[in-house]
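Have a look at the structure below before the remarks.
The values are calculated or read from the model by the stated rules, or taken from the named source; none is laboratory data. From a predicted model like this one, the values you see are computed outputs, not experimental measurements. All Cβ positions, even for glycine, are placed from backbone atoms using ideal geometry, and neighbour counts span all protein chains on display. Quick note on the areas: whole protein, heavy atoms, side chains included, nothing else; ligands and nucleic acids left out. Shrake-Rupley method; radii C 1.70, N 1.55, O 1.52, S 1.80 Å.
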Amino acid sequence: MTTRVTLISPALSTALREARFDDGPLDATGLRQAEAVRGVFGAVPGQRAAADPVFASPSVRCRQTAEALGLTAEPLPELRMCAMGRWRGLRLDEVSAAEPRAVAAWLADPAAAPHGGESLNALHSRVGHWLDGLASDSGRVLAVAEPDVVRALTVHAIGAPTRTFWRIDVQPLTVTELSGRNGRWNLRNGRPLGVTP
């Protein structure tokens with residue numbers, strides 16, 4: 001049986017808008033945009049059945065996005081954002097100005113974790129283990145997931161090198177669909193939420 005995993009990126013928040021290594025609530029625009037497509041799952045033929053499992057990264061913005069979409073999602077620790085250690089709470093431009101060599105190493109080497117948190121390799125391993133661990137009889141799975149988690153799952157699913165993580169953009173409220181079985185995944189990426197294929 002083919003397993004279908006639908007990943008939804010969260011709506012806009014101040015932290016996402018500022019490229020801040022942090023979580024936070026949706027801003028007014030993000031909440032309005034998510035509520036505008038409320039109920040799209042279950043309303044579109046073939047999207048998902050009511051019994052399908054629904055998960056969310058345990059961040060505030062992912063939980064609020066799920067709620068705004070009308071979904072009851074179980075927080076899943078495996079889908080948490082990359083742990084950014086001492087950079088948590090800072091903006092990328094701030095860290096780049098203060099620690100240019102550390103940021104360059106982090107961007108160039110997937111094994112690097114100059115912030116003292118989680119490396120990209122560790123993130124990829126964690127989310128890839130979750131994806132590969134889905135039972136072949138899982139059917140459909142829906143998850144509201146952090147942009148970095150969606151990127152890492154995409155890289156894992158297509159078997160690309162970890163360094164390609166930085167080449168993938170994940171826009172707010174977009175859908176990334178993975179389908180597969182026996183460790184082989186196919187990808188449909190970046191569809192705006194509410195737009196049928």
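Here are a few things to note about the model shown:
- The residues packed around E18, meaning those with a beta-carbon under 12 Å from its beta-carbon, carry a net charge of -1 if Lys and Arg are +1 and Asp and Glu are -1.
- With contacts taken as Cα pairs under 8 Å and at least 6 residues apart, the chain reaches a relative contact order of 31 percent.
- Taking Cβ atoms as reference points and 13 Å as the exclusive limit, the residues near M84 contribute a net charge of -2, counting Lys and Arg as +1 and Asp and Glu as -1.
- In a simple Cβ point-charge model (Lys, Arg +1; Asp, Glu -1; nothing else charged), the chain has a dipole of about 380 debye relative to its Cα centre.
- Surface composition of the chain: carbon and sulfur make up 51 percent of the accessible area, probe 1.4 Å.
- Per-peptide packing, taken as the mean over residues of other Cβ atoms within 10 Å, places 179-192, 19-32, 63-76 in the sequence 63-76, 19-32, 179-192 from highest down.
- Taken about its Cα centre, segment 125-172 carries a charge dipole of roughly 140 debye when the Cβ of each Lys and Arg holds +1 and the Cβ of each Asp and Glu holds -1.
- By definition, a body whose alpha carbon gyration tensor gives a ≥ b ≥ c is prolate when a/c is 1.5 or more and a/b is larger than b/c, and segment 21-121 fits this prolate description.
- Gain on full extension, evaluated as 0.36 nm per residue between H129 and I158 minus their Cα-Cα distance, stands at 9.0 nm.
- The magnitude of the dipole of segment 84-169, with charges of +1 and -1 set on the Cβ of Lys/Arg and Asp/Glu and taken from the Cα centre, is near 60 debye.
- Per-residue ellipticity at 222 nm from helix content only, as computed over the chain with -39500 (n - 2.57) for each DSSP H run of at least four residues, stands at -9500 deg cm²/dmol.
- Of all DSSP beta bridges in the chain, antiparallel share, percent nearest 5: 60 percent
- Once you reduce segment 139-197 and segment 52-74 to the center of their Cα atoms, the two points are 17 Å from each other.
- Label-to-label distance for A111 and R38 is 5.0 nm, based on points extended 7 Å past Cα in the beta-carbon direction.
- Cα-based shape type of segment 106-197, given that a ≥ b ≥ c are square roots of the gyration tensor eigenvalues and the cut on a/c is 1.5: oblate
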